[in-house]
Amino acid sequence: MVRLIAFLVGLFFSGMLLLGLGDTVITAIKEPAVPSVEAEFHEETLPVSFAHDGPLGKYDRGQLQRGLKVYSEVCAACHSLKLVSFRDFAALGYSEEQVKALAKAWKTEVPSINPETGEPATRPAIPADKIPSPFANEVAARAANNNALPPDLSLITKAREGGPAYVYSLLLGYRDQAGYKNEEGKELLKEFPEAATPAGLHFNPWFANLNIAMAAPIAADDQVTYDDGTKATKAQMAEDVSAFLTWAAEPKMENRKSAGWAALGFLLVFTVLAWMSYKTIWADKKH
Amino acid sequence: MSFPWAQEYKPQGAVSKWVDERLPLPRLVYNAVGAGYPVPRNLNYFWNFGVLAGVALVIQIVTGIVLAMHYYASVDGAFNSVEHIMRDVNSGWFVRYAHMNGASFFFIVVYIHIFRGLFYGSYKAPREMIWLLGVTIFLLMMATAFMGYVLPWGQMSFWGAQVITGFFSAIPLVGEPLRQLLLGGFAPDQAALNRFFSLHYLLPFVIAGVIILHIWALHIPGSSNPTGVSVKGEQDTVPFHPYYTAKDGFGLGVFLILFVAVTFFAPNMLGHPDNYIPANPLSTPAHIVPEWYFLPFYAILKAFTVDFGIPFTGIIIIPAKLMGVLAMFGSILLLFFLPWLDTSPVRSGHYRPLFRKFFWYGLIPSLAILTYCGGKPPYTQWVVLSQLAAAYYFAHFLIILPIVSRIERPLPLPNSITEAVTGKPLPAAA
Amino acid sequence: MSTVKKTKSTAKKPAVKKPAAAPAASVATKAAAGAQNHDGAEGSGVRRRDFIHVAAVSFAGVGAAAVAMPLVSQMSASADVLALASIEVDVAAIQPGQSIKTSWRKQPVFIRNLTPAEVEEANKVDVGSLRDPQTLAERTKPGKENWLITLGVCTHLGCVPLGAASGEVKGEYGGYFCPCHGSHYDTAARIRKGPAPLNLAVPEFAFISDTVVKIG
């Protein structure tokens, strides 16, 4: 009885699936899928490498400090970094005093209340504060940005496929759409005339739908003056800020890797010992 | 224990004796996983995975209890509390990554454990109860894992909750009210998050309870073995301790090396980037996919594309959406009937030439295809592939296995485990 | 017999037979090694084996202890809690005779600007007669003896004493009074009467300017 019912149920499910298969194939032939502009013109991330790549990689402190400078002078005007605190900057190689000074000098102040009247006010940041957001709330952020919401950057390298390479590519990926061709030599506006970038958006083939609301943030060399004398080319700034944002998303990466090596080394010895123990115990047993 | 030659627990010293007479817990452990449990001597490495699954559960419970000390189940605070764990709590990043990847490794281990059972016929008499309890554990694990994935309240958490509870809305008449009951609202929100946290904390202990039953049921007939031939005498077995404790110790080392390698060097490899974006009820991510261990079932769900009805009348009896949901649950529930679908008296796939072919060239590839296609966007080639694979999956268990077990001519079995191991027939005296 | 058969089919379909074939294949070498061990120096063999088992088990124990450390240390104060371990308070607005309550490490702190009379009263007391002998000077900073900064946590069982806000009972000695079990503190916040064993604790503090005090 069980087998009979099973047979019928199996026949039903498998049959419906095969019917569906036929249906899928017929639909695909009758109404072939239309190629989309994103599928043809969205680009893979640009090649870039970082000091923190790989299982032995460590952050380059100098690069992180430069990246912080790019973030604070360029990105911070619109993008928050809500999950990072000023005290965390000690990990970039700053002293306690420098962290305090950085917090105090931050362009956006921390929302607070006037202790006399209780009215909303702001105060300079202290190391314990999270980095204050440039906009009070989402509505304010959208109102100031043509109804686009600048995403928080605290986790951006973990929240996007490609991580830091994605950020790097996006920052350098602004192109002139007129006459833009992909690697196969197809010209976008000839293939997809209706895909012209709408007014107020900017063409960037590294962005998911190719049209991003953010104008190119890194527009020219020497937009930022580095304290360590590094030449601030566009690529240098993009690389530095991508490294900084990787740190912001994963501040414990170095602890993680070093703990990982210790754990692996330990386990390797344990496993060898356990294997020897296993072999000696079984030595006189055929199995 | 049923084997008369099992070693008996002998308390050493007055204290052990005193305890043994009042609460024979050491005796229970001795008989369960100690020298008092005789186990076939020919188990291969696939038999390590039961113990490893137990270890994985312990890892999840320990790290989970720690995480619950810092997590808030609030729609405004959940995401940030997870990041607080990652950034500010001492070693919090380690505990969180271990829990996150521990779930994946738990599933890897359990899947291998299940495939071991499927290939070596561990579900067959007299071990049906062990199998039924095992499938129950698997279902509980899936529920637990799903609810755990909702807790960080990222984009995938939220939309996973939305889609999975949406399954229930496919049920005629009661579907929508049932979904509202599960969620405590019209969409996932505070009520859903709080109850998922509560249940996510509870269910692992239920799983631990069912595991105790699973092991209890195992100790009635004893462990199966790669030949599938029943234990005939003392020469066929070795005591669990020290023989299999030593082997499991080695297996544990290998398992932990792989677990540590992923947890410390590629902790987000098995996750999805969108879950690092806080939940936004107004915008769905471009490609929503479940965690990798649900992909085959997700592929089955998506594979049903035509309604079942009376042709040319427009009458629909079972719409495609409902059928997908039924088939998805059915694909797991059918495992409950497996002991009665596969009627071959031979347990081990080694001695079943036809079964073995269908297992390696049918079932395993179809599940691999389903896992792969489950994570792909709905393009024609992936849909067709998953429809083919899903059709085979159902046919394999419901049609092919019952037929194969009838028509197959099994290879000659060894007379005993010892004979299979040593190549020598048993001495007449034994 | 069956072993022979197994090896044959292995050659044909390696993918299929691998898991089961592996232990069978290694049987021969292992058995040989085992036999040697057994027949050879029995005594030393046993000792070497014991050593391996002990080493493996102790290694596992050390590993478990190493994993237990982060699992316990996660309970201690997290980085964001530690970051708030020092505060800066502007005391310019506190007039003599007034006090304020502020919060440091999630505990109340009393900052009191003593009047000259209160300072005098505190200095009059015979230190030797006190339960927890301390002078006012020891509890304040030189030149700033009027600024009494203490934790607002009764040293008996941790209630918050009264006396910091205006209008509250200051106790029999004009300082603070804990209503839970009736401890009286004087104008230097020293215990004078009641069950509390110690004076109200003075946190680590320093004047970083004339009117700003850093606690912690």
Taking region C:134-151 and the residues there that are in contact with a helix residue (DSSP H, G or I) (Cβ under 8 Å, 6 or more places away or on another chain) and under 16 Å from C:Gln98 (Cβ atoms), the one that is surrounded by the fewest Cβ atoms within 10 Å (Cβ to Cβ) would be C:Asn146
### Some residue of region B:366-380 being within 29 Å of B:Pro285 (Cα to Cα), at the interface with chain A (Cβ under 9 Å from one of its Cβ atoms) and modelled with pLDDT under 95
yes
Note: among C:Thr155, C:Thr150, just one is in the same structural domain as C:Thr211 (by TED's automatic domain parsing), farther than 22 Å from C:Ala206 by Cβ and β-branched (Val, Ile, Thr), namely C:Thr155
Of those in region B:308-325 that are in contact (Cβ under 8 Å) with a residue 40 or more places away in the chain and surrounded by 19 or more Cβ atoms within 10 Å (Cβ to Cβ), the residue nearest to A:Gly15 (Cα to Cα) is B:Gly324
Checked region B:71-82 for anything under 11 Å from B:Pro278 (Cα atoms) and within 13 Å of chain C (Cβ to nearest Cβ); matches are B:Asn80
Filtering region C:102-122 down to residues that are of a type in the set (Gly, Ala, Ser) and not in a strand (DSSP E or B) yields C:Ala117, C:Ala122
If we take region C:155-216, then strands (runs of 3 or more DSSP E) inside it with 3 or more residues that are within 30 Å of the chain's Cα centre (by Cα) are C:174-178, C:183-186, C:205-207, C:212-215
Check on B:Phe240, among the aromatic types (Phe, Trp, Tyr), at the interface with another protein chain (Cβ under 7 Å from one of its Cβ atoms) and in contact with a Phe, Trp or Tyr (Cβ under 7 Å, 6 or more places away or on another chain)
no
If you go through A:Asp228, A:Asp152, the only one that is of a type outside the set (A, V, I, L, M, F, W, C) and surrounded by fewer than 16 Cβ atoms within 10 Å (Cβ to Cβ) is A:Asp228
Counting only residues that are surrounded by 14 or more Cβ atoms within 10 Å (Cβ to Cβ) and either away from chain B (no Cβ under 13 Å) or touching a strand residue (DSSP E or B) at 6+ places or on another chain (Cβ under 6 Å) (or both), region C:66-87 contains a total of 2
Say whether the condition of being within 22 Å of B:Tyr298 (Cα to Cα), surrounded by fewer than 18 Cβ atoms within 10 Å (Cβ to Cβ), out of contact with any Lys or Arg (no Cβ under 7 Å at 6 or more places or on another chain) and touching a residue at least 24 places away in the same chain (Cβ under 8 Å) is met by at least one residue in region B:352-362.
-> yes
Flagged in region C:152-169 as closer than 22 Å to C:Pro96 by Cβ and either touching a Cys at 6+ places or on another chain (Cβ under 7 Å) or surrounded by fewer than 21 Cβ atoms within 10 Å (Cβ to Cβ) (or both), in numbering order, are C:Pro161, C:Leu162, C:Ala165, C:Ser166, C:Gly167, C:Glu168, C:Val169
For B:Gly117, the lone unmet condition from (1) more than 15 Å from the chain's Cα centre (by Cα); (2) within 14 Å of chain C (Cβ to nearest Cβ); (3) under 22 Å from B:Ile207 (Cα atoms); (4) of a type in the set (Gly, Ala, Ser) is (1)
B:Val58: passes all of (1) closer than 30 Å to B:Trp216 by Cβ; (2) surrounded by fewer than 20 Cβ atoms within 10 Å (Cβ to Cβ); (3) more than 14 Å from chain C (Cβ to nearest Cβ); (4) out of contact with any helix residue (DSSP H, G or I) (no Cβ under 7 Å at 6 or more places or on another chain) but (3)
For region C:49-65 the number of residues that are over 13 Å from B:Leu252 (Cα atoms), aliphatic (A, V, I, L, M) and at the interface with chain A (Cβ under 7 Å from one of its Cβ atoms) is 2
Of the residues in region B:40-99, those that are of a type outside the set (S, T, N, Q), touching a residue at least 24 places away in the same chain (Cβ under 8 Å) and assigned to a loop (DSSP other than H, G, I, E, B) come to B:Arg41, B:Leu43, B:Tyr71, B:Ala73, B:Val75
Please indicate, with yes or no, whether at least one residue in region B:120-135 is assigned to a helix (DSSP H, G or I), in contact (Cβ under 8 Å) with a residue 24 or more places away in the chain and either over 14 Å from B:Phe336 (Cα atoms) or not assigned by TED's automatic domain parsing to the domain that holds B:Ala266 (or both). yes
(request) Evaluate region B:387-400: report whether one residue or more is in contact (Cβ under 8 Å) with a residue 40 or more places away in the chain, in contact with a helix residue (DSSP H, G or I) (Cβ under 8 Å, 6 or more places away or on another chain) and more than 10 Å from chain A (Cβ to nearest Cβ). (result) no
Listed by range, helices (runs of 4 or more DSSP H) wholly within region A:184-287 having at least 2 residues that are under 24 Å from A:Ala144 (Cβ atoms) and in the same structural domain as A:Ala76 (by TED's automatic domain parsing) are A:234-249
Practice problem: Please indicate, with yes or no, whether at least one residue in region B:223-231 is within 14 Å of chain A (Cβ to nearest Cβ) and surrounded by fewer than 18 Cβ atoms within 10 Å (Cβ to Cβ). | Solution: no
Checked region A:12-35 for anything surrounded by 14 or more Cβ atoms within 10 Å (Cβ to Cβ), of a type in the set (A, V, I, L, M, F, W, C) and more than 7 Å from chain B (Cβ to nearest Cβ); matches are A:Phe12
- Quick check: anything in region B:187-196 of a type outside the set (Asp, Glu), under 22 Å from the mean Cα position of the chain (by Cα) and either outside any loop (DSSP other than H, G, I, E, B) or modelled with pLDDT of 95 or more (or both)? yes
Per the filter on region B:252-271, residues under 21 Å from the mean Cα position of the chain (by Cα) and more than 7 Å from chain A (Cβ to nearest Cβ) are B:Leu252, B:Phe255, B:Leu258, B:Phe259, B:Val262, B:Thr263, B:Met269, B:Leu270, B:Gly271
Screening B:Tyr149, B:Tyr123 for residues that are within 27 Å of B:Ala320 (Cβ to Cβ) and crowded, with 21+ Cβ neighbours inside 10 Å leaves only B:Tyr149
The lone condition A:Asp240 fails out of (1) surrounded by fewer than 16 Cβ atoms within 10 Å (Cβ to Cβ); (2) more than 7 Å from every other protein chain (Cβ to nearest Cβ); (3) touching a Gly at 6+ places or on another chain (Cβ under 9 Å); (4) not polar (S, T, N, Q) is (1)
For region B:95-118 the number of residues that are of a type in the set (A, V, I, L, M, F, W, C) and closer than 21 Å to B:Pro273 by Cβ is 5
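The values are calculated or read from the model by the stated rules, or taken from the named source; none is laboratory data. On a predicted model such as this, the values are computed, not experimentally measured, just so you know. Note: ideal-geometry Cβ built from the backbone for every residue, glycine included; neighbour counts use all protein chains shown.
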